[in-house]
Every structure is written in structure tokens, then in C-alpha cells.
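Values in this text are rule-based calculations from the coordinates and carry no lab data. Not measured: the values here are computed from a predicted model. All Cβ positions, even for glycine, are placed from backbone atoms using ideal geometry, and neighbour counts span all protein chains on display.
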Amino acid sequence: MQTALAAAQGCLGFAVRRSARAMAQYYDAALAPAGIKGTQFALLNAVFLLERPGMQSLAEALGMDRTTLTRNLRPLETQALLVLQAGADRRERHVVLTEAGLATLTAAQRLWEQAHGRLVHGLGADRSRRLLDDLRDLTALAKDV
């Protein structure tokens, strides 16, 4: 019974999942006026920053497997916010933002800045930086197991 209490009160996995759900809902609501969700914002932003990434490099950058990435790309393709283009190899595909995708990303960036700013203000800049560092470390530890 002691283990059950410890797991209920101090499980890092559960705490991170609960926080992730709350953050997803928070960013989804903040980005709704741009017509996208938080995960879609992260995807569009990564495509923009990586400049025509291949599927594998985009999946790695986002910490997703390719199947999950493909599933997350589909609605953005349907909305014509990005396209998949053939690469030099028949198996290779590159993800490219469309003009509509860039416009959506630009609108969403302003919304994200406001939402992110509220969180950083609430936690404080130093605490926010520490949280990001701690989450990176926790992710690395979980991958090493």
C-alpha cells in the first residue's frame, strides 16, 4: 500500500502526462483563432525552421515516430497548409509549407507569443528556464532507459 500512495502522489510519469494534457488544452484554446491546435503549431513551426525537411528528420526533431508524424500531417495537408514533395529518392518525401501555411503560422505565432508570455510571466523567467532544462533532462533520462 505504501507503493500505491507513493505512485499516486509522486509519479513523474503521471505528473508529466497531467501537465501535458493541461498544456495541450491551454495552447489549443490560445491557437484556435488561427484554426490550428498546439501540436499543429509545433509541426508548422518545425517545418518552417528546418526548411523543407525530410520525414525522418522532421519526426526526429519533433520526437515522434514516422507513423505519428504522418497522422499529424494529414489534417494540415487537407487544409492545404503544407504539401509533401518527392525527394531525389523515390522513398524520400519533403514537407513544405504553402503560402496558406506560412500565413497561418504567422498568425499563430502572435497568439503563441501571448499565451507563452502569460505562462512565463506566471512562473517567472528563471523558473521557466529551469522547467525547460528539467524537462529536457527528464526526457533524456527516459530515453536512456
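Some values worked out for this structure:
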read-out: Inter-label distance for Leu135 and Asp28, nm, one decimal - labels placed 7 Å from Cα along Cα-to-Cβ; value: 1.7
read-out: Enclosed volume per residue, in Å³, of the convex hull spanned by Cα atoms of the chain; value: 146
read-out: Cα gyration tensor, segment 76-145 - rounded (a/c under 1.5), prolate or oblate; value: oblate
read-out: Packing-based ranking, highest mean first, of 39-45, 11-17 given that Cβ atoms within 10 Å are counted; value: 39-45, 11-17
